[in-house]
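Accompanying notes for the structure given below.
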Amino acid sequence: MKRATSRIGLYVGILLSVAIWSLRASVARAEVTTIKLGHIGFPGSLFDIVAQEYARRVNTELKGRYEVKVFHSSQLGSDEQMVKGVKLGAPEMFEPSTVMSTVEPKFGVFEMPYLITSRGQMKKAAENPEVRKALFDGLPAKGMRVLGVWENGFRHITNSVRPIIKPEDLKGVKLRVPGGAWRVNMFKAYGANPAPMPFAEVYSALQSGVMDGQENPFAQIASAKLQEVQKYLSLSGHVYSPAYLIVSEDFWQKVPKDAQAVLSKIAVELGDYARSQGEALDRDLLAKLVPPLKVNEVNKPAFIQASASIYQQFGREVPGGAELVKLIQSLR
């Protein structure tokens, strides 16, 4: 009888131990907060390379508390949709570029042709207190904030009509551009027929002839396989586009200060990582794009001259725009 009672006690003890362990494991899992980080780039794009590295570092340093999950290829929507969503906390983070000029007009400064001439200049601009104040300080009131300045890259023109050597060669070319007024204005000044379109739709639009061309950094062109549906690559380098790590302000205010510090620190650290990766991709990818694309240099002085009206318009329409342009030019 005693032996049977002892066995029953042992079994009950084991069951209680298992139940307690399961409860603790469930609680631990419940305490991990998922941070969804969305972007429009495809796997292999600089967008995705840097976002995945951010997730890896955060998930290591905040293991058991926060887990960043990256959603590439517009899985969480277009840039415009994620701009709206992040204000509501869904997604918690996203990685935009050009579309930020629709949130704060001063971000359009990075749409000015040939303003940024090197990654070194971009680093200085990203770290400059006056630039950061002009661009970033008003964002929390709009439901978001910038944690880090990363890279999209130097943009070049591809099309299937003709090599683009001077602005006049763009006359009549149907050119896909990202959301935001300034890229549209720029290419209209050059004579093209620009139209904004979500990046996820670009391949089919080029393949079908709805669009003749587009403009993007090498990493975006290659990862989206746009070389399969284009003939010419013109090395215009007309705009350097930063990318940004944006966090929902609503979500951010729920994150403890120590975790905020880690999320911010890693985002800032990855600025240099993004620019070095972008530089390496620029070196490596041209050989993969040419062939099949036929490559040509452009007459940059002609493009710069044709861009004067865009700078004038930006200075007129964006309060403080002319001063911001001069400040960033001074950082060369």
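The values are calculated or read from the model by the stated rules, or taken from the named source; none is laboratory data. Just so we're clear, the structure is a prediction, and the values are computed from it rather than from any experiment. Neighbour counts are summed over all protein chains in view; Cβ atoms, including those assigned to glycine, are modelled from backbone coordinates with ideal geometry. Ligands, DNA and RNA are stripped out before the accessible areas are found, and what is left, the full protein with its side chains, is counted by its heavy atoms. Shrake-Rupley method; radii C 1.70, N 1.55, O 1.52, S 1.80 Å.
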Considering only DSSP beta bridges where both residues belong to region 147-276, give the percentage that are antiparallel (nearest 5). 70 percent
Might you report the magnitude of the Cβ-based charge dipole of the chain about its Cα centre, with Lys and Arg at +1 and Asp and Glu at -1, to the nearest 20 debye? 840 debye
Provide the three semi-axes, in whole Å and in decreasing order, of the ellipsoid equivalent to region 98-178 as defined by the square roots of 5 times the Cα gyration tensor eigenvalues. 30, 16, 10
For a test of the definition: using alpha carbon positions, the gyration tensor, and the 1.5 limit on a/c, classify region 254-332 as rounded, prolate or oblate. oblate
Relative contact order for the chain using alpha-carbon pairs under 8 Å, separation at least 6, rounded to a whole percent? 25 percent
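Quick one: accessible area per residue over region 236-332, 1.4 Å probe, rounded to a whole number of Å²?
49 Å²
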Find the relative contact order for region 186-303 and round it to a whole percent, using C-alpha pairs within less than 8 Å whose residues are 6+ positions apart. 42 percent
For the chain, the accessible surface attributable to carbon and sulfur atoms (probe 1.4 angstrom, ligands and nucleic acids excluded) amounts in percent to 56 percent
